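Inspection log for the structure reproduced underneath, given as structure tokens.
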Amino acid sequence: MSTPDEVDRIVDAWQQERPDLDVAPLQVLSRVSRLARHLDIARREAFAANDLEPGEFDVLAALRRAGKPYTLSPSVLISQNLVTSGTMTNRIDRLESKGLVGRLPDPSDGRGILVQLTHSGKSAVDRALEELLSREESLLATVSKADQEKLANVLRSIVLPFDEESSGQEG
């Protein structure tokens, strides 16, 4: 066994106090939870270094991934970001005030709009992504590429049923 960590100490304590329970899931999921906290800190720092909030980055990233002309409807952005329309409107307003996105009339819907990434927005999201990937690479520095691939596959098998469930509820 490798060097014990805080999760090992927690699991050992629970095994002492509640030997009637199988606390094995804590071995995995408590570590995933702790890693998620570290990832959240890394994300916030990467985005703050580029004057972005995590939700703002998510909107810019969705537009950037869409490819040229980096334009999506608010409903697609809502779906991709899993937020309410009010939250999305607030994010778009903030990004527009920073000059990172613009609103355009939707040529296929006379009453609708499209959100488009500006040149500044493209630069901001690209810088933030580079910073994020650097920080994420640091988080995984002790894990071999082969183990990262194995871990990604295992995590995919855990997350996929939840993703399928939530996509089945969309409308």
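Take the conditions free of Cβ contacts under 8 Å to residues at least 24 places away in the same chain and among the small types (Gly, Ala, Ser) and apply them to residue 85. Does it pass? I'd like the intermediate steps shown before the answer.
Numbers: free of Cβ contacts under 8 Å to residues at least 24 places away in the same chain: yes; among the small types (Gly, Ala, Ser): yes.
Against the criterion (free of Cβ contacts under 8 Å to residues at least 24 places away in the same chain and among the small types (Gly, Ala, Ser)), residue 85 qualifies.
Which pairs have Cβ atoms under 9 Å, sit 6 or more apart or on different chains, and link a residue in the range 134-151 that is within 18 Å of residue 42 (Cα to Cα) to one that is at pLDDT below 95 and among the basic types (Lys, Arg)?
Sorted first by the residue in the range 134-151, then by its partner, the pairs are 135/43; 136/43.
For residue 133, all conditions in the list (1) under 18 Å from residue 39 (Cα atoms); (2) outside the structural domain of residue 74 (by TED's automatic domain parsing); (3) surrounded by 11 or more Cβ atoms within 10 Å (Cβ to Cβ) hold save one; what is the number of the exception?
Failed condition: (2).
Condition test on residue 60, is it touching a residue at least 12 places away in the same chain (Cβ under 8 Å) and closer than 13 Å to residue 132 by Cα?
Numbers: touching a residue at least 12 places away in the same chain (Cβ under 8 Å): yes; closer than 13 Å to residue 132 by Cα: no.
So residue 60 does not fit the description; no.
Do you know which residues across the range 109-128 are at pLDDT 95 or above and either acidic (Asp, Glu) or surrounded by fewer than 18 Cβ atoms within 10 Å (Cβ to Cβ) (or both)? Give the derivation first.
Going residue by residue through the range 109-128, those that are at pLDDT 95 or above are 114-128.
Scanning the range 109-128 gives 116, 119, 120, 122, 123, 126, 127.
Looking at the range 1-23, which of the residues that are of a type in the set (Asp, Glu) and in a loop (DSSP other than H, G, I, E, B) is surrounded by the fewest Cβ atoms within 10 Å (Cβ to Cβ)?
In the first step, residues of the range 1-23 are kept if they are of a type in the set (Asp, Glu); the result is 5-6, 8, 12, 17, 20, 22.
Filter once more, so that each one left must be in a loop (DSSP other than H, G, I, E, B): 5, 20, 22.
Numbers: 5: 12, 20: 5, 22: 9.
So, considering only residues that are of a type in the set (Asp, Glu) and in a loop (DSSP other than H, G, I, E, B), the one surrounded by the fewest Cβ atoms within 10 Å (Cβ to Cβ) is 20.
The values are calculated or read from the model by the stated rules, or taken from the named source; none is laboratory data. Treat the numbers as computed from the prediction; the structure is a model and nothing was measured. Counting neighbours? That spans all protein chains shown, and the Cβs are built from the backbone with ideal geometry, glycine included.
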